[in-house]
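Novice: One structure follows; several queries about it will come next.
The values are calculated or read from the model by the stated rules, or taken from the named source; none is laboratory data. Source: prediction; values computed, not measured. So basically every Cβ, Gly included, is an ideal-geometry build from the backbone, and we count neighbours across all protein chains shown.
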Amino acid sequence: MIGNPDFLTGKGQEQVPEFQELESPEGELHLRFLCISGEEFALPAVGIKEVIEPSPERITAIPNISPLLLGTLNVRGRVIWVADLGQFLGNPAPLTTDRSEIPVIAVEDQDIMLGLAVDNIIGMDWLNIDDVQVPRNAPDSMAPFIRGEWLLGDDSNQVLWLLDQVAILRSARWAA
């Protein structure tokens, strides 16, 4: 096609193709996911190192550690701790590990990496950060790790919580 002389000169073209204007996304890119409780959360994409879905057998259980931690996972030669995010945020029900894959969101801050195991990854979404509201009904166990909330749709009971991955990584709960 490029070798065709008409391509370079524009000869032989009856119509000029119309260019579709691409809409530029508004807001910031976030990863949306669910915990076992059914609550929906989001993390800013810039704070996520990667998302992996290992089989439960790849997560090595470690004895005598916090019940919040499922174990360790070797990701390309780097060992990272994997935590049950739902239990970390105060949900008493543990993550179901009796399945073929467990979604793990690897977050990193200043060379500290932690894998957050969740129930289900919804996907990436552009969310307008200007629409974030102060959390109204965040449970006390979650409040230190929530930056804000978006109200979804007309139903003000459906909330998308914006998490602070640095607060999660630096939490004193890991020492317990």
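Novice: Only residues that are surrounded by 15 or more Cβ atoms within 10 Å (Cβ to Cβ) and either touching a helix residue (DSSP H, G or I) at 6+ places or on another chain (Cβ under 7 Å) or more than 20 Å from A172 (Cβ to Cβ) (or both): list them for segment 67-79, please. Give the derivation first.
Specialist: Taking segment 67-79 first, the residues surrounded by 15 or more Cβ atoms within 10 Å (Cβ to Cβ) are 68-73, 75.
The answer is L68, G71, T72, L73, V75.
Novice: Do we have L85 as surrounded by 19 or more Cβ atoms within 10 Å (Cβ to Cβ), in contact (Cβ under 8 Å) with a residue 12 or more places away in the chain, within 16 Å of M113 (Cβ to Cβ) and under 20 Å from the mean Cα position of the chain (by Cα) here?
Specialist: Details: surrounded by 19 or more Cβ atoms within 10 Å (Cβ to Cβ): yes; in contact (Cβ under 8 Å) with a residue 12 or more places away in the chain: yes; within 16 Å of M113 (Cβ to Cβ): yes; under 20 Å from the mean Cα position of the chain (by Cα): yes.
The answer is yes for L85.
Novice: Which one is farthest from E39 (Cα to Cα), of the residues in segment 162-176 that are at pLDDT below 90 and outside any loop (DSSP other than H, G, I, E, B)?
Specialist: Applying the filter and picking the extreme gives A175.
Novice: Let me ask something else about it. Which residues, taken from segment 51-89, are basic (K, R) and either touching an Asp or Glu at 6+ places or on another chain (Cβ under 8 Å) or at positive phi (or both)?
Specialist: Scanning segment 51-89 gives a single hit, R76.
Novice: Looking at S24, is it surrounded by fewer than 17 Cβ atoms within 10 Å (Cβ to Cβ), within 30 Å of L152 (Cα to Cα) and modelled with pLDDT of 70 or more?
Specialist: No, not satisfied.
Novice: While we're on this one: If only one of V104, V79, V75, V118 is β-branched (V, I, T) and closer than 23 Å to G27 by Cβ, which one is it? Steps first, answer last, please.
Specialist: Details: V104 fails: closer than 23 Å to G27 by Cβ; V79 fails: closer than 23 Å to G27 by Cβ; V75 fails: closer than 23 Å to G27 by Cβ.
Only one candidate qualifies: V118.
Novice: Let me ask you something else. So which residues in segment 53-79 are small (G, A, S) and without any contact (Cβ under 8 Å) to a residue 40 or more places away in the chain?
Specialist: Of everything in segment 53-79, those that are small (G, A, S) and without any contact (Cβ under 8 Å) to a residue 40 or more places away in the chain turn out to be A61, G71, G77.
Novice: If you scan segment 70-94, which residues turn out to be within 22 Å of D140 (Cβ to Cβ) and not charged (D, E, K, R)?
Specialist: Of everything in segment 70-94, those that are within 22 Å of D140 (Cβ to Cβ) and not charged (D, E, K, R) turn out to be A83, L85, G86, Q87, F88, L89, G90, N91, P92, A93, P94.
Novice: For the subset of segment 31-66 comprising residues that are within 22 Å of R173 (Cα to Cα) and hydroxyl-bearing (S, T, Y), which member is surrounded by the fewest Cβ atoms within 10 Å (Cβ to Cβ)?
Specialist: The qualifying residue surrounded by the fewest Cβ atoms within 10 Å (Cβ to Cβ) is T60.
Novice: Checking E101 against (1) farther than 24 Å from L70 by Cβ; (2) in a loop (DSSP other than H, G, I, E, B); (3) of a type in the set (D, E), only one condition comes out false. Which one?
Specialist: Single failed check for E101: (1).
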